[in-house]
Every structure is written in C-alpha cells, then in structure tokens.
1. Determine which member of the set ALA78, ALA67 is small (Gly, Ala, Ser) and under 18 Å from VAL192 (Cβ atoms).
2. Residue check: is VAL160 at pLDDT 95 or above, assigned to a strand (DSSP E or B) and within 22 Å of the chain's Cα centre (by Cα)?
3. Return the residues of region 66-109 that are outside any helix (DSSP H, G or I) and farther than 20 Å from VAL120 by Cβ; say none if nothing qualifies.
4. Among the numbered criteria (1) closer than 14 Å to ALA78 by Cβ; (2) more than 14 Å from the chain's Cα centre (by Cα); (3) at pLDDT below 95, which one does MET103 miss?
5. Which condition from (1) polar (S, T, N, Q); (2) within 27 Å of LYS75 (Cα to Cα); (3) assigned to a loop (DSSP other than H, G, I, E, B) is the one that GLN128 breaks?
6. Can we say ASP138 is farther than 20 Å from THR70 by Cα, outside any loop (DSSP other than H, G, I, E, B) and acidic (Asp, Glu)?
7. Working only within region 164-210, note down all residues that are β-branched (Val, Ile, Thr), assigned to a strand (DSSP E or B) and in contact with a Leu (Cβ under 8 Å, 6 or more places away or on another chain).
Amino acid sequence: MTSMRVISAVLAAALACAGCQEKSTAPAQQAASVAAPTPAPAPAFTNTDVTGLGYAHDFALRDFNGAPRTMADFKGKAVVIFFGYTQCPDVCPTTMHDLGEAMKQLGPLADRVQVLFITVDPERDTPQLLSQYVPAFDKRFLGLTGTLPEIDKTAKDFHVYYQKVPGKTKGSYSMDHTAGLYLYDPEGRIRVFAANTAPLDSLVHDLKILLGTEPAAPVAKT
C-alpha cells in the first residue's frame, strides 16, 4: 500500500510539472506563429540613381538677369540642370518642352522645383536671348551663362561634352553636346541622371521622390 501511494505521488508530481511546462511554452509558440508584417519597399527612382556621384556638384555662373548663381541659391528646391543652346533645332526645345509639361503635371509642387538651362554656346546665347527663350517653356525656368572659360569649366565639372560643328555657310555652326538631365534633391545633392528621351511620367515620379511626396530610402552620409 505504501509503495502504491509513493508511485501515485510521483505520477501526480510528473503530471503537474508537465502541465506547468506546457503552459509556459504555449505563449512563445503562439507568438512565433504570428508572422511579422513585411514593410513596403521604398519607392525607387525610375531613371538612373546616381546618389553619391563624385562630380556634377556645383557651378559658378550668372543668370540672364546678371546675378551670380551657384547651387546654394536653390537650396530647398529640387533642381533639374540641362545643358543646351537656344539655336538647337530639335533636342533642346523638345527637352525643355517636356520639362514644362512635367511642371504642369506636378501642379502646386512645381513651385518647389527649379529648372536651370546652362548654355554651351555663350557666344550667341546672350543674356537677353536666354531671358526670352528659357522662360517661354515655363516662367519659372532660369537660364545660366558665363564666359567661355567658365562654361568650359562647368562642362568639365559635369562631364558634359560639347563642341562646335561647322555649318554649310561661312561662320555658321551648330553645337554637338551631351543631352541629359541632372536631378538634385532640396539639399543640393545629385541624385538622378535622366536621358533627354526619358518618359515624362518618369521625370514626374522621380521629382516627387526628391520632394518627399513619395518617400525613398534615406541617403547615406558621405
């Protein structure tokens, strides 16, 4: 009888311990079975992401009003830089027109975007001519010029190629040049390079990211 009581007591203790262990592990098992929500990926640029690029950081030129200009003047705005010339027959006016359409699609956000047209033909593109040509695509657009050495330095700093191409008549010429768009965030950091043929929607998309209306991944500090 005594041995049966001992065995019963041992079984009761074992069952009690088993019950305690089961209760202690159940919450952990339940938590593991609930999958953590997957965060939505940050929007990516549609055009080429060049964040951290080692060139195309700044310039020192004058606008068509004669005021000296650098990137610092446009801090707080997304900036688009395009190199061209006013007598360009096709690429330049088409690109500028597309940028004007992008501003329309941005609506009120367009006031936070600054488009800069840097001439590669300062001999013919006088401040007066730039003041007529550039704002014709959007009144907020600004034309920049400088001396030949200043334009040459800026082009080299941006890795932009340009060269005179002699025309059919004496003294006439056109300009062969790199056609692309440099996009900067409101802190003045180069973020995107887009071909001049980039779809309009892609430019609007990338500008919205730069303006923070479509948050992207944070920029690594350099």
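1. Numbers: ALA67 fails: under 18 Å from VAL192 (Cβ atoms).
None of the others qualify; the one that does is ALA78.
2. On the way: at pLDDT 95 or above: yes; assigned to a strand (DSSP E or B): no; within 22 Å of the chain's Cα centre (by Cα): yes.
The answer is no for VAL160.
3. First, pick out the residues of region 66-109 that are outside any helix (DSSP H, G or I): 66-70, 75-90.
Of everything in region 66-109, those that are outside any helix (DSSP H, G or I) and farther than 20 Å from VAL120 by Cβ turn out to be ALA67, LYS75, GLY76, LYS77, ALA78.
4. The one condition MET103 does not meet is (3).
5. (3)
6. Values: farther than 20 Å from THR70 by Cα: yes; outside any loop (DSSP other than H, G, I, E, B): no; acidic (Asp, Glu): yes.
It is false that ASP138 is farther than 20 Å from THR70 by Cα, outside any loop (DSSP other than H, G, I, E, B) and acidic (Asp, Glu).
7. The first filter runs over region 164-210 and keeps only residues β-branched (Val, Ile, Thr), leaving 165, 169, 178, 190, 192, 197, 204, 209.
In the following step, the residues that additionally are assigned to a strand (DSSP E or B) were identified as 165, 190, 192.
Within region 164-210, ILE190, VAL192 qualify.
Condition check ((1) at pLDDT 95 or above; (2) among the basic types (Lys, Arg); (3) buried (at least 19 other Cβ atoms within 10 Å of the Cβ)) across all residues:
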site	(1), (2), (3)
LYS23	no, yes, no
GLN29	no, no, no
PRO41	no, no, no
ALA44	no, no, no
LEU53	yes, no, no
GLY66	yes, no, no
ILE81	yes, no, yes
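The values are calculated or read from the model by the stated rules, or taken from the named source; none is laboratory data. Source: prediction; values computed, not measured. Virtual Cβ from ideal backbone geometry, glycine too; neighbours counted across all protein chains shown.
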